[in-house]
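The values are calculated or read from the model by the stated rules, or taken from the named source; none is laboratory data. These figures come from a predicted structure and were not determined experimentally. So basically every Cβ, Gly included, is an ideal-geometry build from the backbone, and we count neighbours across all protein chains shown. In case anyone asks, the SASA skips ligands and DNA or RNA and just uses the protein heavy atoms, side chains included. Shrake-Rupley method; radii C 1.70, N 1.55, O 1.52, S 1.80 Å.
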Amino acid sequence: MKKSSILIAGGGSTYTAGIVVMLLEAMEEFPVRKIKFYDNDEERQRKVAEACAIIIKERAPEVEFGYTTDPKEAFSDVDFVMAQLRVGKYAMREQDEKIPLKHGVVGQETCGPGGIAYGLRSIGPIIEMVDYMEKYSPDAWMLNYSNPAAIVAEGTRRLRPNSRIINICDMPICLEDIMARVIGLKNRKDMEVRYYGLNHFGWWTNIQDHAGNDLMPKIKAHIAKQGYTEDTQAGQHKEASWLEAMRAGKELLEIEPKYLSNTYLKYYLMADETVLHSDKNYTRANEIIDGREKDVFEECQRIVSNQTAKDTSIHSSEHASFIVDLAKALTFNTKERMLLITQNNGAIENFDSEAMVEIPCIVGKNGFEPLSMGKIPTFQKGLMEQQIASEKLAVEGYIEGSYQKVWQAITMNKTVPSAKVAKDILDDLIEANKEFWPVLK
Ligand code: NAD
Ligand code: G6P
Ligand code: MN
């Protein structure tokens, strides 16, 4: 059985240790011979790596492990790059959220002007990594979680159209996991879904069990009562803002009763309410800095001090299982059906064939094949057309260094009330992103 070599890029990420644990748990179906980390923040990565070295030594000492900030060392002899960069780290995420909010607009990591700002920071470093991978391990695949996935995907489509990068998101599978639990199934893999949209902007049109029974009515009945919240919160996120997004599933079902909506649609369809409930001095970035980031780094520190991870709270999650399943499907031709972000090419019949859409694909050794989604209704089509135009203009603005296009991208975004507000936000974002953005003229 083939044994793979994995590079986790963004080795200092809060998700890295969870992915390592998952890789070690999946060893029988997806054997691994080497795990490496790559990051441009040596200090941050070292803290995670020293803890992971102990986890690996205790659970699978035969796996070779290393970490580096050197691209050649990192990207050589690699089968998969599992990428999860946060360009500008939490300090810049805070700006992405707080600058729009200051102007009365949704402040979110991947949606609205904050998402556009993050996109303009991320495209360059992701392209740089794609180039390292092509230089040092040309047969490898990059499985990319780095956000904002929609804009990163459009950026790589435009700038590296033939690269072996697959952009993914864990939100649909996290919501599917909740749906499965609330109707009493063991896990999401007991369901077969049809879903389409853009990243963080999509709908489930059909969910059935393996016998073909329609599960939508039961799931809808739960969502109509309490959104995607559960009576026992088993999921990975528990913060106030996250639960509010989960509850919004209820209103989203009133807006679109035929389908099940991705909770990220809340930021577009319930923008005013979202702003009203936001604290402009303490946003999700602050919740994460005081929560997940603190917890992960404290736990890594504890493992290193004790020189054992036998009692660690670090565990694998749906997030980690999804990326490992994808690597497994590409290696062993499992033909698993997975939601990926890919160029439409007619899969959604009445939608821009060049748009990067999120749809089910069959994944095997030679890559993936998207499933046909047919024609979509006017409401979804209209919303998606506006959003994809915003994303495309942002990427064109990045490539051309065009102030006008980035201004239009923000103006076009449904979260933004006018061109004047868009300009005010853009000017503040330019100031905050000087170190990261191309000069816009
Ligand atoms: P984090 O800040 O903890 O980790 C990101 C790491 O990337 C940091 O260690 C940072 O130093 C590193 N980094 C930044 N720029 C880099 C560069 N140019 N080269 C190399 N390394 C670089 O962030 P996190 O909260 O763990 O999230 C990581 C990423 O994963 C984010 O982009 C997040 O949005 C994304 N994410 C995406 C999904 C999805 O559904 N697509 C799900 C979860 C997380
Ligand atoms: C979901 C989304 C991701 C996002 C993540 C974490 O899983 O799909 O794209 O990065 O949430 O967000 P957080 O706010 O917890 O950092
Ligand atoms: Mn996502």
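Write down the accessible area per residue of the chain in Å², having rolled a 1.4 Å probe over the full set of protein chains.
Per residue, the chain has an accessible area of 40 Å².
Among Leu120, His103, Ile151, flag the residue with its Cα farthest along the positive direction of the charge dipole of the stretch 65-206, charges on Cβ as +1 for Lys/Arg and -1 for Asp/Glu.
His103
So how do 368-380, 146-158 stack up, highest first, on mean other-Cβ count within 10 Å? Could the numbers behind the result be given before it?
Working: 368-380: 14.5, 146-158: 25.5.
Ranked from most to least packed, the peptides come out as 146-158, 368-380.
With each pseudo-label sitting 7 Å past Cα toward Cβ, what's the Glu42-Asp231 distance in nm, one decimal?
Each label point is offset 7 Å from its Cα along the Cβ direction, giving 5.4 nm.
Carbon and sulfur together cover what percent of the accessible area of the stretch 222-296 at a 1.4 Å probe radius?
On the way: 1890 of 3650 Å².
The value for the stretch 222-296 is 52 percent carbon and sulfur by accessible area.
Leaving ligands, DNA and RNA out of it, rank Arg164, Arg247 by accessible area with a 1.4 Å probe, largest first. Please list the in-between numbers first.
Working: Arg164 85, Arg247 120 Å².
Correct descending sequence by accessible area is Arg247, Arg164.
Take the alpha carbon atoms of the stretch 327-387, find their radius of gyration, then divide it by 2.2 N^0.38 Å using N residues; give the quotient. Display every interim value, and only then the final one.
Numbers: Rg = 13.0 Å, N = 61, 2.2 N^0.38 = 10.5 Å.
Normalised by 2.2 N^0.38 Å, the Cα Rg of the stretch 327-387 equals 1.23.
Above 24 angstrom, tally the Cα pairs of the stretch 277-401 and express them as a % of all pairs, no decimals.
Values: 4568 of 7750 pairs.
Percent of Cα pairs beyond 24 Å in the stretch 277-401: 59.
Give, in nm to one decimal, the length gained when the segment between Ile289 and Leu276 is fully stretched (0.36 nm per residue of separation minus the Cα-Cα distance). Let's see the in-between values first.
Details: separation 13, 0.36 × 13 = 4.68 nm, distance 2.25 nm.
Difference between extended and current length: 2.4 nm.
Using helices alone, what [θ] at 222 nm do you get for the chain, with -39,500 (n - 2.57) per DSSP H run of 4 or more residues, divided over all residues and rounded to the nearest 500? Don't skip to the answer; put the middle values down first.
Numbers: 18 runs with 211 residues, N = 441.
Counting only the DSSP helices, I get -15000 deg cm²/dmol.
Calculate the dipole size of the chain relative to its Cα centre from +1 charges on Lys and Arg beta carbons and -1 charges on Asp and Glu beta carbons; express the result in debye to the nearest 20.
Working: 54 positive and 65 negative charges, 93 e Å.
So the dipole magnitude of the chain works out to roughly 440 debye.
Taking the Cα centre of each part, how many Å lie between the stretch 4-28 and the stretch 338-353?
29 Å
So how do 289-295, 130-136 stack up, highest first, on mean other-Cβ count within 10 Å? All intermediate terms of the calculation are to be shown ahead of the outcome.
Values: 289-295: 14.4, 130-136: 18.3.
Ranking the peptides 289-295, 130-136 by packing returns 130-136, 289-295.
Mind jotting down the distance between the C-alpha centroids of the stretch 102-136 and the stretch 36-81, whole Å?
So the separation of the two Cα centres works out to 24 Å.
Looking only at the chain, where both bridge partners belong to it, what percent of the DSSP beta bridges are antiparallel (to the nearest 5)?
Numbers: 25 of 48 bridges.
Bridges in the chain are about 50 percent antiparallel.
Under 11 Å from the Cβ of Ala240, count the other residues' Cβ atoms, weight Lys and Arg +1, Asp and Glu -1, and hand me the total. If you can, show how the numbers build up before the last one.
Values: positive: Lys238, Arg247, Arg284; negative: Glu239, Glu244, Asp279, Glu287.
After counting each charged neighbour, the total is -1.
Run the numbers on the stretch 20-69 and let me know its relative contact order in percent, using alpha-carbon pairs under 8 Å that are six or more apart. Please list the in-between numbers first.
On the way: 46 pairs, mean separation 25.0, N = 50.
Relative contact order comes out at 50 percent.
Determine the dipole magnitude for the stretch 149-288: charges of +1 sit on the beta-carbon of Lys and Arg, -1 on that of Asp and Glu, nothing else is charged, the reference point is the Cα centre, and the result goes in debye to the nearest 20.
Around 460 debye, computed over the stretch 149-288.
Quick one: if you stick a label point 7 Å off each Cα along the C-beta vector at Lys189 and Asn213, how many nm between them?
A separation of 2.1 nm, rounded to one decimal place.
May I ask you to derive the relative contact order of the chain, considering only C-alpha pairs under 8 Å and at least 6 residues apart, and to give it as an integer percent? Numbers along the way, then the final one.
On the way: 807 pairs, mean separation 77.9, N = 441.
Once normalised by length, the contact order is 18 percent.
Please name which of Tyr90, Val304, Pro161 has its Cα lying farthest along the dipole of the chain towards the positive end, using unit charges on Cβ (Lys, Arg +1; Asp, Glu -1) and the Cα centre as origin.
Positive-most Cα among the choices belongs to Pro161.
Determine the share of the stretch 1-154's accessible area contributed by carbon and sulfur atoms, expressed in whole percent, with a 1.4 angstrom probe.
Details: 2360 of 5050 Å².
Roughly 47 percent, rounded to a whole number.
Would you mind computing the Rg to Rh ratio of the stretch 342-441 from its alpha-carbon coordinates, Kirkwood style for Rh?
Details: Rg = 16.6 Å, Rh = 15.3 Å.
Reported Rg/Rh, Kirkwood definition of Rh: 1.08.
Report, in whole Å, the centroid distance computed from the Cα atoms of the stretch 193-244 and the stretch 319-336.
22 Å
So, by mean Cβ neighbours within 10 angstrom, what's the order for 32-41, 429-438 with the highest one leading? Mind dumping the intermediate values first?
Numbers: 32-41: 20.8, 429-438: 15.3.
Highest-to-lowest ranking by the protection proxy: 32-41, 429-438.
Taking only the alpha-carbon positions of the stretch 206-300 and ignoring solvent, what does the Debye formula give for the base-10 log of I(q)/I(0) at q = 0.16, 0.18, 0.25 Å⁻¹?
-0.78, -0.91, -1.29
Test of understanding: express the Cα radius of gyration of the stretch 1-159 as a ratio to 2.2 N^0.38 Å, with N the residue count.
Working: Rg = 16.6 Å, N = 159, 2.2 N^0.38 = 15.1 Å.
Compared with the compact-globule rule of thumb, the stretch 1-159 sits at 1.10.
In 20 Å bins starting at 0, how do the alpha-carbon pair distances of the chain split up by percent?
The percentages, shortest bin first, are 26, 61, 13.
Of Phe332, Ile376, Ile399, whose Cα points farthest to the positive end of the dipole of the chain (charges on the beta-carbon: +1 Lys, Arg; -1 Asp, Glu; origin at the Cα centre)?
Ile376
Met22 accessible area, nearest 10 Å², 1.4 Å probe?
Accessible area of Met22: about 30 Å².
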